[in-house]
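To start, the structure itself, in structure tokens.
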Amino acid sequence: MSTLVSRFKWWPERRTEMEAVTEPPKDPLIEIEDLDRELLKDIKVGFRPLFYRNADTSIYVIPRIIYNVKPQQYRVRSTYFNLGWNFEATYPRQNLHDLHISAHVQSILLRNPDRCFEDFLLAMNAMKERIRVSHLVRIRVDFKCLSVLVMSCCQILDCLLLYYDGKLVPQVDQVCCAGLQDLWIDMLLVDNQVPFFALQKLYDMVIGLNSQYPSLVELCLHFFDQFLEFRSGKTPLMESGAVLHLLHLVHTHLLPTNSPHEPPTALRLGLRLFFNKIKSTVIRSRPPPPPQLPNTRESARVITIQPIPCARRLQDAGIKLRKKESSGFSNITFHRTTLEIPHLRIDNNTETLLRTLVAWEQCHLDAGAYFTSLAIFMDYIINTAEDVEILNGHGIIEQTLGSDEQVASVFNGLGTNIVFIGDENDFLPHLCWDLNRFCRKRFNIWWAKLLTDYFGNPWTILSVIAAIFLLILTAVQTFFSVFGYFRPPN
């Protein structure tokens with residue numbers, strides 16, 4: 001009897017387990033008409049992680065929406081320096097023996113006979129996880145990938161060292177007869193970047209403790225300094241560990257140094273508050289405040305920029321254009337009626353360089369939006385060749401392209417499909433707001449038209465003075481005629 005009772009004790013639990021095993025789980029997808037499980041499996045397999053974006057991501061592919069605006073500006077100009085992660089397409093086996101790549105690799109190996117190509121591969125293999133996470137697109141870090149990386153680093157390092165030794169003349173590379181004008185711009189393309197830590201590793205293995213050469217950062221800046229105008233050497237150089245790649249290094253050293261403004265005195269601050277109070281009581285309808293920007297790049301958001309008039313319309317509104325006395329790129333400022341723009345030298349590489357810097361800022365959020373602001377601003381104020389002529393007359397633009405129409409084509413469309421992600425350090429939203437507010441006042445337009453029509457040149461000024469003088473003489477003559485009528489002389 002006890003045995004029978006014990007059987008009845010475990011029977012409900014056993015029965016529940018048996019039912020759970022025998023009854024299949026209900027699939028809610030069965031209710032979908034024409035369910036294709038093979039297609040569903042293919043779709044789920046396609047959801048594997050293809051992109052990685054983290055704090056170490058620094059190498060990107062240019063978005064198609066930016067690339068399709070002017071594809072020729074984002075392509076390599078020569079096959080001499082064409083990096084890529086497709087080994088078969090970039091470095092065919094049948095051409096390795098007669099390509100310049102082999103010459104650069106041999107040149108690097110001869111600098112340190114104690115090292116071989118296998119040592120470079122092992123050094124890169126030890127950092128393969130850092131190489132993998134530095135790319136936004138998921139890559140397979142295998143032998144072919146490491147070989148491409150080592151040969152690319154050898155190309156870059158050999159060019160930098162040859163130029164430092166004076167064996168790479170400014171016009172032609174004596175090793176492979178490739179023009180440096182095409183070489184340096186291809187080294188900065190977004191798709192041609194290699195991790196800087198890989199360059200630093202190979203540089204340490206090849207040069208070692210050789211005091212003849214400077215640090216790798218100084219070596220790179222020494223090479224690019226002949227083509228670009230870097231900021232003053234008083235600012236400290238970037239640490240090697242903080243550099244992501246060559247484009248990041250050049251982008252950082254092209255940024256202006258923001259000098260702190262002089263704090264206002266107590267008297268100046270009191271006068272400012274007093275006049276602001278009077279202005280707020282007189283003006284009833286005040287314009288909308290400028291856009292409030294977030295304080296950090298983590299909270300940065302997309303800002304809609306108000307379009308501003310072109311250079312001709314800015315002059316018609318009474319705004320004075322002036323060249324800003326600073327070397328390289330600097331902030332554009334607008335104070336009272338004067339708009340100061342940095343001096344820009346336009347040549348065959350300017351458009352490619354600006355588009356490359358803007359594309360880097362569009363991909364990498366921590367890069368800021370300075371060159372994006374500059375590109376959008378120049379796209380606004382330059383519409384036709386007449387605007388280029390105005391800027392050229394004020395010394396703002398120095399162009400070597402041959403015609404003003406070509407310069408206008410450089411900046412037209414420079415801000416197309418560009419998203420402006422701003423923070424408190426970006427000058428463009430506040431600058432556009434101030435310029436639009438100034439141009440909306442009719443008095444400024446009337447006053448500027450008066451100065452242009454009657455005080456534009458010395459001859460009109462003389463004619464106005466003569467007309468005023470004749471008017472005064474006529475009024476005096478009329479006065480004495482009337483005065484003599486009422487009080488005739490005795």
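Points to keep in mind about this one:
- Spin-label model distance (nm) - Asp56 vs Ile30, 7 Å beyond Cα toward Cβ: 4.7 nm
- Loop-resident trypsin sites (Lys or Arg not before Pro) (DSSP state other than H, G, I, E or B) in region 186-257 with no more than 14 further Cβ atoms inside 10 Å of their Cβ: Lys234.
Throughout, read-outs are computed from the coordinates displayed, never taken from laboratory work. These numbers come from a predicted model, not from an experiment. So basically every Cβ, Gly included, is an ideal-geometry build from the backbone, and we count neighbours across all protein chains shown.
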